[in-house]
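Student: Next up is a structure, given as structure tokens.
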Amino acid sequence: MEALKRNWLKFSESKISVIGLVIVSAFLLLAIFGKYMVPYPEHIGSYVDFANAGLAPSSKHLCGTDLMGRDIFSRIIGSFRNTLLMGVIVLCISAPVGFVVGVIAGYNKGKLIDTVLMRITDIFLAIPPLVLALAIASVLEPNLTNSMLAITVMWWPWYARLSYGVTSSLRSENYIIYAELVGAKLPHIIFKEILPNCLSAVLTKMTLDMGYVIIMGATLSYAGLGEQAPKPALGSMISSGVKYMPGQWWLTIFPAIAIILIVLGFNLLGDGISNMLGTEEN
Amino acid sequence: MAEKILDIKNLKKYFPLKSGQVVKAVDGVDLELYEGETLGLVGESGSGKSTIAYVLVGMYEATDGDIIYKGDNLAKAGLNRTLKQRGEIQIVFQDPGSSLNSKRTVGKSLMVPLKIHTKMSKADMEKRSRDLLEEVGLPAEFADKYPRTLGGGERQLISVARALATNPSLVILDEPTSALDVSVQAKVISKLIDLQKELQLAYLFITHDLSLMRNVADRVAILYLGRLCEQAPAEDFFKKPLHPYTQMLLSSIPVVTAEEEKMKPSKVQSTGEIPSPVNVPPGCAFHLRCRYKKPICMKERPVMKELSPGHFVCCHLFNDDTYESDKTAAQTVAE
Amino acid sequence: MENMDNAQKDTILEVKDLTVSFDVYGRISHVLDGISFKVKKGERVGLVGESGCGKTTTLKSVLNVLPKNAKINRGEVLFEGKNVFEMKDSELAAMRRTGAGMIFQDPSSALNPVFSIEKQFITALKYAKPNNTPTKELYDIAVEALNNVMLPDPERIMKSFPFQLSGGMKQRVCIAMTIAAGRQLLLADEPGTSLDVTIQDQILRLINKLVLDNHLSVIMVAHSLGVIRESTSYVNIMYAGTVVESGETDDVFQNPRHPYTVALMSCVPKLTGEGIAKGIPGRVPDYMAPPKGCRFSPRCPYAKEVCKAEKPQHLEVSPGHWVSCYFANEVI
């Protein structure tokens, strides 16, 4: 309890990370329960009401309506679930894969396996991520699953680099040396000794990365390679509205603000977590 | 007579550098260790004292020479030694901050050797790790604590407990107290002495602290740039230090009483610095800093000579052929 | 009156009843509790105690470089008669440049690895010497200073980068830089601890020689009683943020009167081989909730009720020998 309180004090030392926490919590709540809270739940799917098409923001439609007459506010909230899903799935696959690659390479630093694994990682890191993701997503059928796959493929190397760095510095710690000397097996060393020490760095990076993965997903869907109509996605909402700028600005501006807020939220939260875990030793 | 358990003969450990040069970290060292005794291995940085420890526990293979432990030669075994040999030679590291995993409880750290070296059930291991804590004088409840909540001395005692888990007969203590305050050091050292008596342990005590060795070691050996300078029973050693380097080392120790001050060789003052082990000077490695150096010291490496029972010196001043003519010099040194 | 003035003139630094606490995420850590000591011109004063006793915090207070979560609750630090906590920024900067300077434990981190010694030395001197002193002159001062710390071939040292020098040489460079700026008070924070024994001995002898030759003052901070005995003339023994005993170094080492000093001395391994003491029972107190009376009382074999109730005063038990203990006359 005492420790929890101290962690909260460290976290909230920067008030701005509390804002991040609030934004992220709101996002998570809306992603899970948003469907039941929005004013026009039926507008999230394929719904057409040309009578109300292209209305400017008003008290009835907070963010206006799109060219099919659907409430933009409802569609933004409705897109959150897939947005969140994308972030979670991409990170839950790329983080463990990257961790194992990085730890094995870092533990065998200087040996052949280190060179092979890290050069492969470097090759992935050398290709501009968006180009790689666009290439993968366009070769495969454009849908949510494939865009997640594309992002995952270009995301794991970052985790490999991170765990490689942590592991190679832990390599000279006496407790790792002791474990080897006394005859411990590799799985014990990786999962019992190294993993707990990587955890805080990996968790911090995952929080920060949520925002970036969401941007990447929105970029793919902006290019038409993500979730397909009529399901709502922030990227495709922006891309379909952008040609009506600046006249019907609400088509574009509100989904864009939603993206900015979400990314900002995760970044601020990540900074707060890194403050909290980083000063743990003192 | 206690049984000889370790016999190190002409041990060498070289590290090749990328530049083609070779670091001769340990260059021909002979040591013996008997059951239940403490051998103090004293040297400054670059003397190769830690390298000897790491070769003994198997982190490195020796470049040359023999390490006979209870009849088996471990020099080339590295980590390919048997589980029994791993358990019998244990080590306690210098840095209390890095010898325990800060993300695991003390109890879990203590169970690592038990898991590998015994067939105990989980409950038995938990009980044994608590017993080990009590054996080194710590409360059993420490098993549930994380290392960061404990002091440096407590962490070092936990490392000792971990080393004892495999019932070793030789424990290598690599500067176990040099990072601790003196009042804490005193606690750890007196516990180590008690444990040694109780369990008949042999200690290879590596340190740079000669005054500590005066109170702990049965025999003392001095290393300089990977070579032994002098080796003697502790009593004899401090009464009559012979090698010029030993004298410089003794004269440099800051002491707290006037009686101690009298024991320091007053004529010698510390000069110069330890050369890099990449460029060990030819002849006697110490000649650059030695105030008694003769022409031969720059050319020829001196050999170890037993001057009185158990008291060995490696210095040209005490050489057979020239001993007579140099008697005056040797005597000045001895005084 | 004249005597007063002389005494004032003689004293370069006076720390009076310094009490400092730190705010650690909402909890208050009472680190220093009424530290008082004086440094006269040309005097070598030691602060000795185990880790966490407040030695470094005291040094930082002298330079007024405490972290921002520190709070000075009471007391003052008078450098040449002026309270450092009330100095203007310009006065503080001047004091740090030419008045008092730190010699650190780790010389490697005290020098910037990417600049040559020449560059660092001359930059430091530029701030210390009068404006528009020609660089050539500064260079000469630097070479002279390196000569004074007995570094062979100063011209070559000037061209070197820190990584090309050994630890002992770097420490000599740091000492040269501190003294060349004209500083009168050296704050030496464990100056030999990270070095080998033989090199530490050389560095301590060097500091002693420079201080005596140039009539400088030094505060030597160390955890090693031996180092303090060999390099100071006056010593303050610190325990848990208090000065428990102070006096002429030889006097304190020969006749320690505070139970903590006695216990600490018994823990130091002696060359004469008297065996190893069992250590001091207990632990350094938690600064968040320090003992109300004497801070050593929970670990003290002589402690009585009064020790736990009220902090003892620092009293003179024999001429020039001060002890903070109710039973100083009963301890051996």
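Student: Straight-line reach from C:LYS68: which lysines have Cα under 23 Å away, leaving out those fewer than 8 places along the same chain?
Tutor: A:LYS5, A:LYS10, A:LYS15, C:LYS16, C:LYS55, C:LYS60, C:LYS82, C:LYS88
Student: Oh, and also: What number results when the radius of gyration of chain C, computed over Cα atoms, is divided by 2.2 N^0.38 Å? Don't jump to the answer; show the numbers that get you there.
Tutor: On the way: Rg = 20.8 Å, N = 332, 2.2 N^0.38 = 20.0 Å.
In units of the globular-protein estimate, chain C measures up at 1.04.
Student: Measuring from the lowest to the highest alpha carbon on each principal axis, how far does the stretch C:44-185 reach, largest first, in angstroms?
Tutor: Principal extents (Cα only, largest first): 49, 38, 29 Å.
Student: Could you tell me the distance between the Cα centroids of the stretch B:159-221 and the stretch C:138-166, to the nearest Å?
Tutor: Value for the Cα centre distance between the two parts: 42 Å.
Student: So how compact is the stretch A:3-122: Cα radius of gyration and Dmax in angstrom?
Tutor: 22.7, 69
Student: For the stretch B:245-323, what value does the Rg/Rh ratio take when both radii are computed over Cα atoms and Rh is the Kirkwood radius, given to two decimals?
Tutor: In the stretch B:245-323, Rg relative to Rh is 1.01.
Student: State which helices in chain C qualify, where a helix is a whole DSSP H run, it must extend 15 Å or more along its own axis by its Cα atoms, and its mean Kyte-Doolittle hydropathy must be at least 1.6.
Tutor: None pass (Cα extent of 15 Å or more, hydropathy at least 1.6).
Student: Take every Cα pair under 8 Å in the stretch C:100-189 that's 6+ residues apart, average their separations, divide by the length, and report that relative contact order as a whole percent. Can you show the working numbers first?
Tutor: Numbers: 106 pairs, mean separation 47.8, N = 90.
Relative contact order comes out at 53 percent.
Student: Rounded to the nearest angstrom and ordered from largest down, what semi-axes does the equivalent ellipsoid of chain B get from its C-alpha gyration tensor (root of 5λ)?
Tutor: On the way: eigenvalues 281, 99, 63 Å².
Sorted largest first and rounded, they come to 38, 22, 18 Å.
Student: Roughly how crowded by other chains is peptide C:198-205, in terms of the mean Cβ count from those chains within 10 Å of each of its Cβ atoms?
Tutor: Mean partner-chain Cβ count within 10 Å for C:198-205: 6.
Student: Please list the non-local residues whose amide H lies under 5 Å from the amide H of C:ILE103, H modeled 1.01 Å from N, same-chain partners needing a gap of 5 or more.
Tutor: Excluding prolines and chain starts, which carry no amide H, the hits are C:LEU187, C:ALA188, C:ASP189.
Student: A follow-up question, please. Say we join alpha carbon atoms closer than 10 Å with springs in a Gaussian network model of chain C; which of C:ASP286, C:ASP106, C:ASP17 then has the biggest fluctuation?
Tutor: C:ASP286
Student: Another one. Say the cut-off is 24 Å between C-alpha atoms; which of A:LYS192/B:LYS49; B:LYS13/B:LYS108; A:LYS192/B:LYS127; B:LYS13/B:LYS70; B:LYS264/B:LYS293 go over it?
Tutor: Over 24 Å Cα-Cα: A:LYS192/B:LYS49; B:LYS13/B:LYS108.
Student: Which aspartates and glutamates does C:LYS71 reach when only Cα atoms under 20 Å apart count, and residues fewer than 8 places away in its own chain are ignored?
Tutor: A:GLU13, C:GLU14, C:ASP17, C:ASP23, C:ASP33, C:GLU86, C:ASP89, C:ASP286
Student: Continuing with the same structure: Any idea what angle helix B:122-135 forms with the longest principal axis of chain B, computed on alpha-carbon atoms, 0 to 90 degrees, nearest 10?
Tutor: On a 0 to 90 degree scale, this one is about 40.
Student: To the nearest 20 Debye, how big is the dipole of the protein assembly as shown about its Cα centre, given +1 on the beta carbon of each Lys and Arg and -1 on that of each Asp and Glu?
Tutor: Roughly 1960 debye, rounded to the nearest 20.
Student: Further question on the same structure: Under the definition of partner shielding as Cβ atoms of other protein chains within 10 Å of a residue Cβ, what is the mean value for peptide B:88-100?
Tutor: Rounded to a whole number, the mean comes out at 3.
Student: Need the list of lysines near C:LYS136 for cross-linking: C-alpha distance under 21 angstrom, and skip anything on the same chain fewer than eight residues off.
Tutor: C:LYS119, C:LYS126, C:LYS159
Student: Compute the whole-percent fraction of alpha carbon pairs in the protein assembly as shown spaced more than 54 Å apart. Please report the intermediate quantities before stating the final value.
Tutor: Working: 130030 of 449826 pairs.
Summing the P(r) tail past 54 Å for the protein assembly as shown gives 29 percent.
Student: Provide Rg and Dmax in Å for the stretch C:205-272, with only Cα atoms included in the calculation.
Tutor: Using the Cα atoms of the stretch C:205-272, the pair Rg, Dmax is 12.8, 37 Å.
Student: Of all alpha-carbon pairs in chain A, indicate the percentage at a distance above 35 angstrom.
Tutor: Result: 30 percent of Cα pairs exceed 35 Å.
Student: Using a simple spin-label model with points 7 Å from Cα along the Cα→Cβ vector, what separation in nm is obtained for C:PHE115 and C:TYR25?
Tutor: Spacing of the two 7 Å Cα→Cβ label points: 3.7 nm.
Student: Rounded, prolate or oblate: which fits the stretch C:1-95 when a ≥ b ≥ c are the square roots of the eigenvalues of the alpha-carbon gyration tensor, with rounded for a/c under 1.5 and prolate only if a/b beats b/c?
Tutor: Details: a/c = 2.18, a/b = 1.59, b/c = 1.37.
Prolate shape, in that a/c is at least 1.5 and a/b is the bigger ratio.
Student: Have a look at the stretch A:148-282 and give its Rg and Dmax from the Cα atoms, expressed in angstrom.
Tutor: Radius of gyration, then largest Cα-Cα span, for the stretch A:148-282: 21.0, 73 Å.
Student: For A:ALA184, enumerate residues with amide H under 5 Å from its amide H, sequence gap 5+ or separate chain, H modeled in the peptide plane.
Tutor: For A:ALA184, whose amide H was placed from the backbone, there are no distant partners under 5 Å.
Student: Output ³J(HN,Hα) for the stretch A:146-163: one whole-Hz value per residue in order, computed from phi by the Karplus curve 6.51 cos²θ - 1.76 cosθ + 1.60 with θ = phi - 60°, and x for Gly and Pro.
Tutor: So the J values, rounded to whole Hz, are 5, 5, 5, 4, 4, 5, 4, 4, 8, 9, 4, x, 5, 6, 5, 4, 4, 5.
Student: Karplus couplings for the stretch B:91-106 from phi (6.51 cos²θ - 1.76 cosθ + 1.60, θ = phi - 60°), rounded to Hz, Gly and Pro as x?
Tutor: Coupling constants for the stretch B:91-106: 9, 10, 7, 6, 7, x, x, 10, 7, 10, 6, 5, 9, 10, 5, 4 Hz.
Student: Moving on to the next point. What residues have an amide H closer than 5 Å to that of C:ARG74, excluding those fewer than 5 places away on the same chain, when H is modeled at 1.01 Å from N in the peptide plane?
Tutor: C:THR19
Student: So how far, in whole Å, is the C-alpha centre of the stretch C:87-136 from the one of the stretch A:218-282?
Tutor: Cα centres, the stretch C:87-136 to the stretch A:218-282: 50 Å.
Student: Report the rotationally averaged projected area of the stretch B:179-272 based on its alpha-carbon convex hull, in square nanometres.
Tutor: About 7.1 nm², averaged over all directions.
Student: Per residue of the stretch A:13-25, in order, report the coupling 6.51 cos²θ - 1.76 cosθ + 1.60 (Karplus, θ = phi - 60°) as ³J(HN,Hα) in whole Hz, putting x for Gly and Pro.
Tutor: Working through the residues one at a time gives 4, 9, 4, 5, 6, 5, 4, x, 4, 5, 4, 5, 4 Hz.
A short reminder: the numbers here are calculations on the coordinates, not readings from a lab. Small disclaimer: the values here were computed from a predicted structure and weren't measured. No Cβ is skipped: glycine too gets one built from the backbone with ideal geometry, and neighbour counts run over all protein chains shown.
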